[in-house]
Amino acid sequence: MANEIVVPILPCADIDEIVDFYRMLGFELTYLQQRPYPCAGVRYGDADLQFAGIPGFDPEQSYGSCIVAVDDTAEIFEEFAAGMRAVHGKLLVAGIPRITRPRKRKNADGASGFSVVDPGGNWIRVFQRKDTGADTTPATEPLARALENAVVLGDSKGDARQAAKILDGKLTKADAATPVPALVEALVYRAELALRLDDPGRAEELFARLDALDLTDAQRASLAESLATAADLRKQVSSER
């Protein structure tokens with residue numbers, strides 16, 4: 001066989017809510033009907049998704065999921081994030097719906113990935129293709145390895161509490177010998193987990209620890225993405241205070 005196209009049909013409770021959500025992210029509507037049963041189709045580039053409205057459906061109980069393979073997860077994330085910020089004024093990082101940030105995924109051979117959890121509780125898992133030449137070298141330093149494990153639990157499984165527990169154990173042991181890049185990335189991700197767990201006080205503690213680091217200009221340049229994420233998270237904490 002060749003040239004086959006597979007389109008997932010995912011569940012939701014409210015078809016209009018699903019359509020509005022995906023339009024916010026930049027998808028185009030390809031189909032919509034309300035009777036004899038609610039369903040809709042959306043498209044982003046060459047990726048098609050369809051949805052079936054199910055009265056009384058509980059998004060918290062959804063097992064709906066699909067994988068979207070792309071060349072550049074960062075570019076697509078920024079487009080989704082821009083749409084979300086335009087509507088909500090911030091990224092939705094907790095509850096349903098929500099979005100995670102692109103990070104290397106240990107459970108995807110080190111490829112970058114992020115997830116969108118839509119109003120139906122469906123996980124749209126966006127992964128970088130493995131033939132793009134991106135660095136997928138596994139971590140060797142203990143804190144960096146802990147971060148990889150935490151990302152799998154927090155971003156792939158959705159278990160923010162266990163992910164936080166893993167990082168807290170290693171962050172407690174971090175000292176002057178801990179590589180700065182690993183420490184910065186772990187602190188920033190742990191702060192994001194704190195927001196998912198509705199613990200802004202813990203996030204502020206982590207930001208204070210981040211601020212106490214004496215970073216060189218070269219380190220700031222190499223960690224620009226993580227530091228930008230931290231700045232974005234700080235704004236969110238401040239806006240919700």
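In the stretch 20-42, what residues are of a type outside the set (Asp, Glu) and under 20 Å from the mean Cα position of the chain (by Cα)? Answer for the stretch 20-42, where residues must be of a type outside the set (Asp, Glu) and under 20 Å from the mean Cα position of the chain (by Cα): Phe21, Tyr22, Arg23, Met24, Leu25, Gly26, Phe27. Residues in the stretch 13-60 that are closer than 27 Å to Glu78 by Cβ, among the charged types (D, E, K, R) and outside any loop (DSSP other than H, G, I, E, B): Asp16, Glu17, Asp20, Arg23, Glu28, Arg43, Asp48. Of the residues making up the stretch 83-125, those that are at positive phi, touching a Pro at 6+ places or on another chain (Cβ under 8 Å) and surrounded by fewer than 20 Cβ atoms within 10 Å (Cβ to Cβ) number 1. Listed conditions (1) surrounded by 16 or more Cβ atoms within 10 Å (Cβ to Cβ); (2) under 24 Å from Ala74 (Cβ atoms) are all met by Ala218, apart from (1). Might you check whether a residue that is in a helix (DSSP H, G or I), without any contact (Cβ under 8 Å) to a residue 12 or more places away in the chain and on the phi < 0 side of the Ramachandran plot occurs anywhere in the stretch 226-234? Among the residues of the stretch 226-234, at least one is in a helix (DSSP H, G or I), without any contact (Cβ under 8 Å) to a residue 12 or more places away in the chain and on the phi < 0 side of the Ramachandran plot, which makes the answer yes. Out of Leu206, Leu210, Leu195, I need the residue that is surrounded by 13 or more Cβ atoms within 10 Å (Cβ to Cβ), among the aliphatic types (A, V, I, L, M) and without any contact (Cβ under 8 Å) to a residue 24 or more places away in the chain. Which one? Being surrounded by 13 or more Cβ atoms within 10 Å (Cβ to Cβ), among the aliphatic types (A, V, I, L, M) and without any contact (Cβ under 8 Å) to a residue 24 or more places away in the chain holds for just one of Leu206, Leu210, Leu195, which is Leu206.
Coordinate-derived values only; no laboratory data. Treat the numbers as computed from the prediction; the structure is a model and nothing was measured. Virtual Cβ from ideal backbone geometry, glycine too; neighbours counted across all protein chains shown.
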